[in-house]
Amino acid sequence: MTVSTRLSPTSADSRTAPAPAVTLWEGAAPDADRPSFPAYARELLAHAGIAFRTTAGRAELTPGGITLLTTSVTADEAGVLSAWVAGGGCLLVTGDLGQLARLAGVVPGEAVSTAQVTLRDCAFWSQVPGRALRAIGGRALAPVDGAEALATWADGSAAITVRHHGAGAVVTFGVDVLQSVVRIQQGYPVHADGAPAADGTAPIDDGVLKAEDGAALDLDADRQMPTGQPALAADFRHAYPPPSAVPMFDQPHADWWRSLLLQALWWAAQEGGSVVPWLGYWPAGVAAIAHMSHDSDGNKPEDGLAALAAFAEAEVAVTWCQVYPGGYGREIYEQITAAGHEHALHYNAMDDADLATWGWPQLRAQYAWAQAVTGREDIVSNKNHYTRWEGWDEFYTWCERLGIEIDQSRGPSKQGNVGFPFGTAHVSFPLAAPGAETGFRDVLNLPLHTQDLAWAGHVATRDVILDAVQAQHGVAHFLFHGPHLNGKPLTRAACIEVAAEARRRGMPWWTSERINTWERTRRGVRIEISRGGDDWLLSASTDVPVEGAAILLPTDVRVSGPAHSVAEVVRHGRAFAELAVDLPAGTSTWTLTR
């Protein structure tokens, strides 16, 4: 088995490696006409730092372990899985049930293209959303033979079920959870304007192709007013600043689906007595972070100086996205560098200058321009001006060629799209288009949540965003523009206030470059666990030192070994023992005792 270390750094590639508790049962090559949604299981597990091995048939399954099934199986394979579950294994099914319907205790019903799903608040889940989630794809389920519904479609049919069988259990996602995560995060290919919101709050049909035009979430059904705000006026007109708060995407739907699949995995580990270590998304003791970016629209020196002053007062190092054409002049670029801000590209494809159109040659030329004016050779971050976008993953291929490693173009351009229009606060590697030479694009997606509080986004959205990001342990991204920091006192004040509020909540401010470095470094940590008599041996291997790594463990284990500290933390609503360690290059090993 060969697995990309970038996407699956903790997978067991050797028959002699300790067998992880989690097995990923994958299918054959994907359909060339649609994205390989089942393959996204690798990215989901890799981002959580969960060790797994893969199989595609009769390979040995870990007794008492967990198998994540993303494909259909034959009748013979269903028999193997049934015996394995009866012996104490836990099976998580996200693919076509087929031959497993009887084992799962469900009767599959009608296919669902897209609908909302309501999670049942019960002991199975450690954390559930406050209202329904958008699902993309799936099938209605009718529980039989002791199966229990854990979530329901809008028509009342079961969307997720659990059934005990012998000493084990089967959890069935009627929701196409992997397609839901990918579609919500990456949307659909952009070739035309999207449909605006019926209430006039999100007029995305503006003649400019942008990321929102391919969004999968429903502008009418998946938004709600910010907490504590009155209902939207019937005669609302989209204007700047907003005359009132407007409905927003208040829930990170993709993150919730990711969390629910992980919650099912941790439930299975608890049921079977397995130990499934995973890596904290951020350094030990940090539950979530914040990010501030700045777009240099207009390139007026007075706006640049105003932004520098505002960020100095806010005490935030920002990712400063430089836009072609023009420029501030050498002195201001030097001040940006001296203040500790990151120089990034703000690719312009708005048809307002000779190179400001969509295409690889234009991006390449603007990248060279940004290198020249800023004096920085290794620019690793980008955000597209006006969130311009075309196609699906083509832009990421251009970034790969240039050396851009993290992109933050997927976010709102209109007030009514503020919040989580792409359903996520987490960085992730995008799934590649059908027929691509690779499964994933080597460019991290860093989502954008709002622009210019008190101008392009109502201030009431701020805490809704921060609350949701903290609940999902991601990164809250606030964008500001120099002209608004310079000429609009309320926006400048909002910048200072959001910086202070995030710090008050314990959310440090990181640049895009720092986020990129951390995520890629932590994915190089390989965690393995094996039995050592009555105990477990936990090992963490890395090629480069990692300071402040967080390894999350069940709360009922005692840890002994190299220098560490242990504290109880809550992640995704579940209590974990956080093993805080500074990992040297090489392998470190601890003993876990129950």
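The values are calculated or read from the model by the stated rules, or taken from the named source; none is laboratory data. Because the structure is a prediction, the values reported are computed rather than measured. Note that we place each Cβ from the backbone using ideal geometry, even for glycine, and neighbour counts take in every protein chain shown. For accessibility, only protein heavy atoms count, side chains too; no ligands or nucleic acids. Shrake-Rupley method; radii C 1.70, N 1.55, O 1.52, S 1.80 Å.
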Practice problem: Scan region 167-192 for residues that are hydroxyl-bearing (Ser, Thr, Tyr) and under 20 Å from ASP145 (Cα atoms) and report the count. | Solution: 1
Exercise. Quick one: count up the residues across region 343-368 that are open to solvent by less than 10 Å² (accessible area, probe 1.4 Å) and either among the aromatic types (Phe, Trp, Tyr) or touching a Cys at 6+ places or on another chain (Cβ under 7 Å) (or both).
Key: 4
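Go through the residues of region 452-466 one by one and say whether even a single one is assigned to a helix (DSSP H, G or I), open to solvent by less than 30 Å² (accessible area, probe 1.4 Å) and out of contact with any strand residue (DSSP E or B) (no Cβ under 9 Å at 6 or more places or on another chain).
no
Would you check if there is a residue in region 430-437 being closer than 30 Å to ALA48 by Cα, open to solvent by 10 Å² or more (accessible area, probe 1.4 Å), outside any helix (DSSP H, G or I) and without any contact (Cβ under 8 Å) to a residue 40 or more places away in the chain?
The first filter runs over region 430-437 and keeps only residues closer than 30 Å to ALA48 by Cα, leaving 430-437.
When the remaining residues are screened for being open to solvent by 10 Å² or more (accessible area, probe 1.4 Å), the result is 433-437.
Subsequent filtering for residues that are outside any helix (DSSP H, G or I) retains 433-437.
Next, from what is left, pick out any that are without any contact (Cβ under 8 Å) to a residue 40 or more places away in the chain: 437.
Among the residues of region 430-437, at least one is closer than 30 Å to ALA48 by Cα, open to solvent by 10 Å² or more (accessible area, probe 1.4 Å), outside any helix (DSSP H, G or I) and without any contact (Cβ under 8 Å) to a residue 40 or more places away in the chain, which makes the answer yes.
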Practice problem: Determine whether region 286-294 contains at least one residue that is more than 21 Å from the chain's Cα centre (by Cα) and under 30 Å from GLU342 (Cα atoms). | Solution: yes
Quiz prompt | Spans of strands (runs of 3 or more DSSP E) in region 77-172 with at least 2 residues open to solvent by 40 Å² or more (accessible area, probe 1.4 Å) and acidic (Asp, Glu) | solution = none
Practice problem: Write out, first by first residue and then by second, each pair whose Cβ atoms fall under 8 Å of each other, whose residues are 6+ apart or on separate chains, and whose first residue, in region 545-570, is within 21 Å of GLY532 (Cα to Cα) and hydrophobic (A, V, I, L, M, F, W, C) while the second is assigned to a strand (DSSP E or B) and open to solvent by 60 Å² or more (accessible area, probe 1.4 Å). | Solution: VAL559/VAL566; ALA563/ASP582
Quiz item: Within region 415-438, how many residues are of a type outside the set (S, T, N, Q), at pLDDT 95 or above and touching a Pro at 6+ places or on another chain (Cβ under 9 Å)?
Solution: 13
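Specify the residue that is surrounded by the most Cβ atoms within 10 Å (Cβ to Cβ); the eligible residues are those in region 467-482 that are among the hydrophobic types (A, V, I, L, M, F, W, C) and not in a strand (DSSP E or B).
As a first pass, look at region 467-482 and keep what is among the hydrophobic types (A, V, I, L, M, F, W, C): 468-469, 471, 475-476, 478-480.
Now restrict to residues that are not in a strand (DSSP E or B): 468-469, 471.
Values: ALA468: 23, VAL469: 28, ALA471: 21.
It comes out as VAL469.
Here's the yes/no breakdown for (1) in contact with a strand residue (DSSP E or B) (Cβ under 8 Å, 6 or more places away or on another chain); (2) modelled with pLDDT of 95 or more:
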| residue | (1), (2) |
| --- | --- |
| ARG531 | yes, no |
| ALA540 | yes, yes |
| ASP543 | no, yes |
| ALA549 | yes, yes |
| LEU553 | yes, yes |
| SER560 | yes, yes |
| ALA567 | yes, yes |
| VAL570 | yes, yes |
